[in-house]
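The values are calculated or read from the model by the stated rules, or taken from the named source; none is laboratory data. From a predicted model like this one, the values you see are computed outputs, not experimental measurements. Every residue, glycine as well, gets a Cβ built from its backbone with ideal geometry; the counts of neighbours run over all protein chains shown.
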Ligand code: C2E
Ligand code: MG
Ligand code: MG
Ligand code: MG
C-alpha cells in the first residue's frame, strides 16, 4: 500500500510540476510583454532619519497585469532572475528613475533613491558602463542614487567586486547591502568593500518587539556597522514599539509601514517635493 501511495504521489508531483512549468512559461512570456505594454509601475517608499527627516525613498517595482491585477515582485522578480530577463527590468527601473531625477533636479535637495539590483545583473561586465551611459544621457551625476545589492554579489572575485564598487563611488552613487544578515556575507570581505550602508533585514526588525535575542542581532549589526563606518537602514518597521527602540540609534535610517507604505511614484513625488520645477514647467 505504501508503494501505491508512493507511486500515486509521484504522479501527482510530476503533474504539478508540469502545471507549474507551464504557468511559469506563460507568466515569463507575459512579463516580457509587460515592459512594452506599459504595465510596469514604480512605487516609492520613504526613508527617514531618526529625527523624522525624509532622506530618500526605495524604488519598488509593481506589475499591473490586465487580468490578474497587481502582481507582487516576490513572484515575478525570481522568475525574471531565472530567465535572465531581470537585466531588462532593472534597466527599465534605472532609466525611469534617471528620467525622473532629471525632471525634478531642482527640488531633490539631498534625497537619494535606492534601486534594487539583482546579483546576476550586477555581475555583468557591462553593468557600470551601461549605468554611465544612462547618466551621461540624462546629464546627471550619481549623487541622487543608491544601489541596493544583496550579499550574493560577494560570490564575485573580490578584486573585480571592489573595482566595480569604486567606479560607482566615483560617480557619486552609494551602495547598500540589502537584506543584510540573511545571506552568506563573509564578514572579512565586508571590511574591504567601499560601500556606505547595511540594510537590516525585515525578519530581524520583526523580532525587536518579541524577545531579547531579536534585539541582540539588530544591535550587533548596528555596532558592527558603526565600527566599519557604515550607516544602517532598518527595513520593515511596523510598530511603535520597534520605532521606540530604534530611534536612539545613531546614524540610522528607518523604513516601513509604520511611517509609510510604498506609493505610486507620481503620488509620492507630489506629496514630498516642493513642486518648484513642476510649477516652472507648467508656467
Ligand atoms: P526588498 O528590496 O527587501 O524590499 C522590501 C520589501 O518589504 C518590499 O516588498 C516592501 O514593499 C516591503 N515592506 C516595506 N515596508 C514594510 C513593512 O513595514 N512591513 C512589511 N511586512 N513589508 C514591508 P516588495 O515591494 O514586495 O518587494 C519584494 C522584493 O522584490 C524586494 O525586497 C526586492 O528584493 C525585489 N524587488 C522589488 N523591486 C525590484 C526591482 O526593481 N529590481 C529588483 N532586482 N528587485 C526588486
Ligand atoms: Mg531593497
Ligand atoms: Mg530589503
Ligand atoms: Mg527584505
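Scoring residue 64 on the criteria (1) modelled with pLDDT of 95 or more; (2) assigned to a helix (DSSP H, G or I); (3) more than 24 Å from residue 233 (Cβ to Cβ) leaves a single failure, condition (2). Here residue 219 does not fit the description of being within 15 Å of ligand 2 (Cβ to nearest atom) and either closer than 27 Å to residue 256 by Cα or surrounded by 16 or more Cβ atoms within 10 Å (Cβ to Cβ) (or both).
Pairs are defined by a Cβ separation below 8 Å, a sequence spacing of at least 6 or placement on different chains, a first member in the range 193-210 that is over 20 Å from residue 166 (Cα atoms), and a second member that is part of a loop (DSSP other than H, G, I, E, B) and away from ligand 3 (no atom under 15 Å from the Cβ); the pairs so defined are 209/239.
I'd like to know if the range 94-106 contains one or more residues that are surrounded by fewer than 18 Cβ atoms within 10 Å (Cβ to Cβ) and under 24 Å from residue 235 (Cα atoms). For the range 94-106, residues surrounded by fewer than 18 Cβ atoms within 10 Å (Cβ to Cβ) and under 24 Å from residue 235 (Cα atoms): present. Residues that are free of Cβ contacts under 8 Å to residues at least 12 places away in the same chain and part of a helix (DSSP H, G or I) within the range 83-129 comprise just one, 129. Looking across the range 247-283 at every residue that is in contact with a strand residue (DSSP E or B) (Cβ under 8 Å, 6 or more places away or on another chain), modelled with pLDDT of 95 or more and farther than 28 Å from residue 102 by Cβ, the one that is surrounded by the most Cβ atoms within 10 Å (Cβ to Cβ) is identified as 254. Across the range 227-277, the qualifying residues are those that are in a helix (DSSP H, G or I) and touching a residue at least 40 places away in the same chain (Cβ under 8 Å), and the one among them that is nearest to residue 216 (Cα to Cα) is 246. Scanning the range 137-144 turns up no residue that is closer than 26 Å to residue 249 by Cβ, at pLDDT below 95, touching a helix residue (DSSP H, G or I) at 6+ places or on another chain (Cβ under 8 Å) and crowded, with 19+ Cβ neighbours inside 10 Å. So residue 105 clears everything in (1) away from ligand 4 (no atom under 16 Å from the Cβ); (2) modelled with pLDDT of 95 or more except one condition, right? Which one? The failed condition is (2). Considered as a group, the residues in the range 162-192 that are away from ligand 4 (no atom under 16 Å from the Cβ) and at pLDDT below 95 include one that is farthest from the chain's Cα centre (by Cα), and that residue is 188.
Take residue 42 and tell me if it is modelled with pLDDT of 95 or more, in a helix (DSSP H, G or I) and within 16 Å of ligand 2 (Cβ to nearest atom). Write out each step before concluding.
Details: modelled with pLDDT of 95 or more: yes; in a helix (DSSP H, G or I): no; within 16 Å of ligand 2 (Cβ to nearest atom): yes.
No; evaluated as a whole, the condition is false for this residue.
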